[in-house]
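Accompanying notes for the structure given below.
Rule-based calculations on the coordinates, nothing more; no lab input. Keep in mind that this is a model prediction, so the values were computed, not measured. When we count neighbours, we look across all protein chains shown, and the Cβ atoms used for this are built from the backbone with ideal geometry, even at glycine.
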Amino acid sequence: QQKVQQSPESLSVPEGGMASFNCTSSDRNFQYFWWYRQHSGEGPKALMSIFSDGDKKEGRFTAHLNKASLHVSLHIRDSQPSDSALYFCAARMNYGGSGNKLIFGTGTLLSVKP
Amino acid sequence: ETAVFQTPNYHVTQVGNEVSFNCKQTLGHDTMYWYKQDSKKLLKIMFSYNNKQLIVNETVPRRFSPQSSDKAHLNLRIKSVEPEDSAVYLCASSQDWVSYEQYFGPGTRLTVL
């Protein structure tokens with residue numbers, strides 16, 4: 001069974017602090033990763049993607065991918081109360097048969113305290 | 001406004017009834033999806049359509065059936081709902097079958113009594 005595990009399950013950081021999420025996949029065919037964010041009562045929204053080893057930075061968000069260890073992480077600096085949401089890692093296979101089938105992780109609930 | 005729209009927002013029904021959920025996207029995308037998000041917030045794909053053609057059909061009970069009239073619409077029908085069907089059903093779309101980013105609607109929350 002394809003699985004994408006996330007940690008921690010929940011996280012609380014003070015406003016202005018750093019929030020970090022981890023994601024580990026169980027299948028080396030997972031080559032493409034996305035981070036999605038879901039605010040309460042809304043659908044998930046894509047934050048950023050990472051397909052190559054190393055770091056990718058977009059504003060306050062930095063993603064890191066290590067394909068050898070099947071590990072991807074997301075870091076949010078200067079966290080804001082509006083960042084409080086459920087964060088998902090999503091992985092996609094590297095072969096055409098699966099097309100755009102995303103496997104979503106178990107999610108991390110972030111709470112940013114003012 | 002270009003987005004993914006879902007109706008209804010909420011639906012409460014009794015075991016054994018039939019329900020239908022609607023999804024429309026105005027993004028001009030070719031591919032649409034249905035996901036189920038359970039009480040633990042786990043997201044699992046159910047179906048995927050590309051240009052009205054079913055391309056992904058995960059292992060879901062046969063009482064679930066997707067319906068696509070055109071590439072902008074993808075509905076979900078559940079015949080004879082069960083208590084375990086209580087969940088949020090999310091519709092999404094992407095530019096095409098190999099595009100990476102998926103755009104989600106706000107979801108339909110189903111409660112089966």
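Miscellaneous remarks
- Structural descriptor for region A:2-95: relative contact order 37 percent, calculated from alpha carbon pairs under 8 angstrom and at least 6 residues apart.
- Bridging of A:Lys101 to aspartates and glutamates at a Cα separation below 19 Å is possible for A:Asp27, B:Asp30, B:Asp38, B:Glu58, B:Asp96, B:Glu101, once same-chain residues fewer than 8 apart are set aside.
- 3J(HN,Hα) from dihedral phi, region A:11-21, Karplus parametrisation 6.51/-1.76/1.60, rounded to Hz, x for glycine, proline: 8, 10, 10, x, 4, x, x, 9, 10, 10, 10
- Computed from backbone phi, the HN-Hα couplings of region A:78-93 come to 6, 4, 10, x, 5, 7, 4, 5, 9, 10, 10, 8, 10, 10, 10, 5 Hz, rounded to whole numbers (Karplus: 6.51 cos²θ - 1.76 cosθ + 1.60, θ = phi - 60°; Gly and Pro given as x).
- GluC sites (Glu not before Pro) lying in DSSP loop within region B:7-94, provided at most 14 other Cβ fall within 10 Å: B:Glu18, B:Glu58
- Using C-alpha pairs below 8 Å separated by at least 6 residues, the relative contact order for chain B is 37 percent.
- Pairs exceeding a 22 Å alpha-carbon distance, out of A:Lys57/B:Lys40; A:Lys57/A:Lys113; A:Lys3/A:Lys67; B:Lys36/B:Lys71: A:Lys57/B:Lys40; A:Lys57/A:Lys113.
- Whole-Hz ³J(HN,Hα) from phi, Karplus 6.51 cos²θ - 1.76 cosθ + 1.60, for region B:54-61, glycine and proline x: 5, 10, 10, 9, 5, 6, 10, x
- Dipole size of chain A about its Cα centre, with +1 on Lys/Arg Cβ and -1 on Asp/Glu Cβ: approximately 260 debye, rounded to the nearest 20.
- Average Cα contact separation per residue, region A:26-75, under 8 Å, 6 or more apart, as relative contact order %: 28
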